Amino acid sequence: MWAGVGEAEALGELFFDNLATLLSVTDLILGYFLNVVTRGAGEAIAEGYGEAIRSRYQDLYYQRCIPGVAVGLLFGNFYYAYMAGRLAHKEKRDDVTAQPYGINTTGAFITLGAINLEALLSCVGGTVEIGGGVMVGTNKYARAALAGNPGEAGREAAEKAFAMAVAANFITGLFEILGCVFAEPIRAILPAPAYYSLLTGVGFVFLAFKPMYEVAAEPIVCLVPLLVVVCGFFGGVKYKIGNTGLTIPIAVVAILLSVIFGWAGGCKHKRDAAAMYDYGDGSPGNKNLFGDGGWSTCTGTSEHDVKYMYDTYAGNIDALGGGIFSDIGYGMSSIVPFMGTVLVVAVVGFAASLASCESASAAGDDYPMAETLIIDGIGTCLGACFGSFYGTTVYIGHPVHKALGARRGYSAINGMLYFVLLWSGLFASLYKSIPGCAASALLIFVGLLICRQAIEDNPPDYYPAIFFGLFPCLCNWAALRVQPGGPFDGGGWWNGAGSGRGAEGMGINFMGQGGGEWFTLIMTSIFCYCTDRNFKAGAIMCAIATLLQLLTGIPTLYNAPTAPKRRFDDIARMGRERMGYYPKKPDDGNFSWMWTVAFAMCTGFFLIQFALQRAGMIDPPIVREKPGAGGPSKAAAADPKNIDIVEA
């Protein structure tokens, strides 16, 4: 159960890996999405409306979502500890390591941008002028706010948006459970780089690139902790405690240094300069004040905010009882437009489980894929029942924990620690006590580790296909961060008339939809079939993609213009990403049909290539063994007259 120093180090890494994820996603949803975008949109409608939404949503987050996360983590960590013990007993080994388990980091970033933010903005609504300077709200919440009741309207809008996100998370968990039926067949048929590429793209863009520019924004606080992480995790540096044989976890050193530098004033700015960082005097608990002077500071270094969060949330989970099970029912009726994104997040969790089980198998611990998917899905559903909108999954870092000498104790203890921390109400204070770049440094390591794992577990001729996964995720980042919610044809860089960037905007639009994950999964598979000259499989995949694109909009989910559905707004705006049969519009503003035609053309191309191959005019296909313990896939033994043999 407990293997000594290695177990302690593995516990430290898993605990702070989960903490880094929680801090980062909390900063994104409560910071930029809620306090900046949503609050600003609400205040533009009626004074006090945006603040009411922000306040209620923040309460729900700390008092429902965070305790709900604890439930999912406790269940999953204990179960995976049990699974490791069962495998050790079955194989009569004492070196079995439990699979690390926590928040689905990749899925969380997609969920927050594509579901939570969209749900918030749809509930906030907008205003239009109907004549004579009379402003009318575009939904019931905005109309109530304009009618003189912004506080109650904001509270109801926040509760509806929160419930929509929780319901979407519950459906994601169900999809993960259902995925167990197809897990082993997909694991046997789908090229491994296809699901590794999913994780590599999100790992590089959202777990490494995004945190890196946050580190670059505050180098005095953030750069040294980043180097500590790189030295420790990639360079093998250990900080020993005398001759005790114990070491200080690398994550602890990095976090302590960032706290010291941050609270010493490393990211304080005069108010004028702080405007560039959005560190200004915001809502209660988000004022980012440094000391008593005219300074602002980064999140996690304001004494005022820490005290406010402690006084408000420590020991307080009052909102939890009203949301157990009820949020799912309240939000379920409104999540149909988000089903495409829900499927995407489920696929990301599915891919993470596939890659994690592959890496655990390569390290010597062969866990059943179907059972892993079921447990990941149940953990997600349990969390959602208590109000969490974060999914859970096994992590790809199993070989790292095994190399440390961990067994199963670190998993069980991690679950217990988080249950106590997240149910105590102290997480809000903790979030305001640790500079964001501490989490950023750890996420950079996680993101780059995922990229390294993908390279180690696959042969070199698959590397281009794996790296392809970077493109759609970069496009999704651009869609979320450069111009979120921009007009469909309002003069923006995206696809505005006269912008001169139409092809650029449409390309980003197609590749980045739904997190870019569907596009990555299908196109990476096609790339692998090209690499292996497996034209028959390529034709089948392109035929499937043709039908999916035609009937569902996958992989290039489209944005439906919402103008025809709005009562007062006749401006064509980019609406929610949605699935469904492509609706040909008279204005030809939706180009999803082009991808249906293109995939059909690719099907024909592969069939021609297959015919030429059968005629002996193209070299035969390459057949590979599935990855096994000790490294990437190798060529399978076969008749050299029929196939080519390559050694990875």
Suppose we filter the range 271-303 for residues that are modelled with pLDDT of 80 or more, of a type outside the set (Ser, Thr, Tyr) and touching a helix residue (DSSP H, G or I) at 6+ places or on another chain (Cβ under 8 Å); how many remain?
2
Checked the range 304-355 for anything at pLDDT 85 or above, touching a Lys or Arg at 6+ places or on another chain (Cβ under 9 Å) and closer than 19 Å to SER388 by Cα; matches are TYR330, GLY331
I need the full set of residues from the range 211-221 which are in a helix (DSSP H, G or I) and closer than 16 Å to ASP27 by Cα, in order please.
PRO211, MET212, TYR213, GLU214, VAL215, ALA217
Tally, over the range 371-399, of residues that are open to solvent by 10 Å² or more (accessible area, probe 1.4 Å), within 26 Å of GLY113 (Cβ to Cβ) and β-branched (Val, Ile, Thr)
2
When you scan the range 47-57, how many residues do you find that are surrounded by 24 or more Cβ atoms within 10 Å (Cβ to Cβ) and under 15 Å from THR312 (Cβ atoms)?
2
Would you pick out the residues in the range 19-54 that are within 18 Å of the chain's Cα centre (by Cα), among the polar types (S, T, N, Q) and at pLDDT below 90?
THR21, SER24
For the range 193-228, name all the residues that are surrounded by fewer than 24 Cβ atoms within 10 Å (Cβ to Cβ), more than 17 Å from the chain's Cα centre (by Cα) and under 30 Å from PRO459 (Cβ atoms).
none
Is it the case that some residue within the range 361-371 is in contact with a Phe, Trp or Tyr (Cβ under 8 Å, 6 or more places away or on another chain), over 14 Å from LEU174 (Cα atoms) and among the polar types (S, T, N, Q)?
yes
Can you list the helices (runs of 4 or more DSSP H) lying wholly within the range 37-135 that have 2 or more residues being in contact (Cβ under 8 Å) with a residue 60 or more places away in the chain and within 30 Å of TYR367 (Cβ to Cβ)?
66-91, 105-111
What are the pairs, 6+ residues apart or on separate chains, where a residue within the range 233-254 that is more than 21 Å from LEU442 (Cα to Cα) has its Cβ under 7 Å from a residue that is assigned to a strand (DSSP E or B)?
ILE241/THR247; ILE241/ILE248
Answer yes if at least one residue in the range 68-89 is open to solvent by 10 Å² or more (accessible area, probe 1.4 Å), over 24 Å from the mean Cα position of the chain (by Cα), among the basic types (Lys, Arg) and farther than 24 Å from LEU448 by Cβ, and no otherwise.
yes
Taking TRP477 as meeting all but one of (1) at pLDDT 85 or above; (2) out of contact with any Ser or Thr (no Cβ under 9 Å at 6 or more places or on another chain), write down the number of the exception.
(1)
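Every residue, every condition in (1) at pLDDT 85 or above; (2) outside any helix (DSSP H, G or I); (3) touching a helix residue (DSSP H, G or I) at 6+ places or on another chain (Cβ under 8 Å); (4) more than 17 Å from CYS65 (Cβ to Cβ), yes or no:
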site	(1), (2), (3), (4)
ARG407	yes, yes, yes, yes
TYR410	yes, no, yes, yes
MET416	yes, no, yes, yes
PHE419	yes, no, yes, no
LEU422	yes, no, yes, no
State all residues of the range 36-57 that are out of contact with any helix residue (DSSP H, G or I) (no Cβ under 6 Å at 6 or more places or on another chain) and not small (Gly, Ala, Ser); if no residue qualifies, say none.
VAL36, VAL37, GLU47, GLU51
Determine whether PRO368 is over 20 Å from the mean Cα position of the chain (by Cα), free of Cβ contacts under 8 Å to residues at least 12 places away in the same chain and surrounded by fewer than 24 Cβ atoms within 10 Å (Cβ to Cβ).
yes
Filter the range 242-270 for residues that are assigned to a loop (DSSP other than H, G, I, E, B) and either at pLDDT 90 or above or small (Gly, Ala, Ser) (or both); which is nearest to ALA403 (Cα to Cα)?
GLY245
Suppose the filter is surrounded by 24 or more Cβ atoms within 10 Å (Cβ to Cβ) and not small (Gly, Ala, Ser); does TYR463 pass it?
no
For the range 525-540, give me each residue that is under 30 Å from the mean Cα position of the chain (by Cα) and either open to solvent by 30 Å² or more (accessible area, probe 1.4 Å) or farther than 18 Å from TYR462 by Cα (or both).
PHE527, CYS530, THR531, ILE540
So, of the residues in the range 147-173 that are open to solvent by 70 Å² or more (accessible area, probe 1.4 Å) and either at pLDDT 90 or above or of a type in the set (S, T, N, Q) (or both), which turns out to be farthest from THR38 (Cα to Cα)?
ASN149
Those residues of the range 115-144 which are open to solvent by less than 30 Å² (accessible area, probe 1.4 Å) and at pLDDT 75 or above, in sequence order:
ILE115, ASN116, LEU117, ALA119, LEU120, CYS123, VAL124, GLY125, GLY126, ASN139, TYR141, ALA142
If you go through the range 445-460 one residue at a time, how many are open to solvent by 20 Å² or more (accessible area, probe 1.4 Å) and farther than 18 Å from THR524 by Cα?
3
Hey, does the range 233-241 have a residue that's open to solvent by less than 40 Å² (accessible area, probe 1.4 Å) and in a helix (DSSP H, G or I)?
no
Selected residue (only one of LEU430, LEU442 is surrounded by fewer than 24 Cβ atoms within 10 Å (Cβ to Cβ) and assigned to a helix (DSSP H, G or I)):
LEU430
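The values are calculated or read from the model by the stated rules, or taken from the named source; none is laboratory data. As the structure is a prediction and not an experimental result, all values here were calculated from the model. Cβ: placed from backbone, ideal geometry, glycine included. Neighbour counts: every protein chain shown. To get the accessible areas, we keep the full protein, side chains included, count just its heavy atoms, and leave off ligands, DNA and RNA. Shrake-Rupley method; radii C 1.70, N 1.55, O 1.52, S 1.80 Å.
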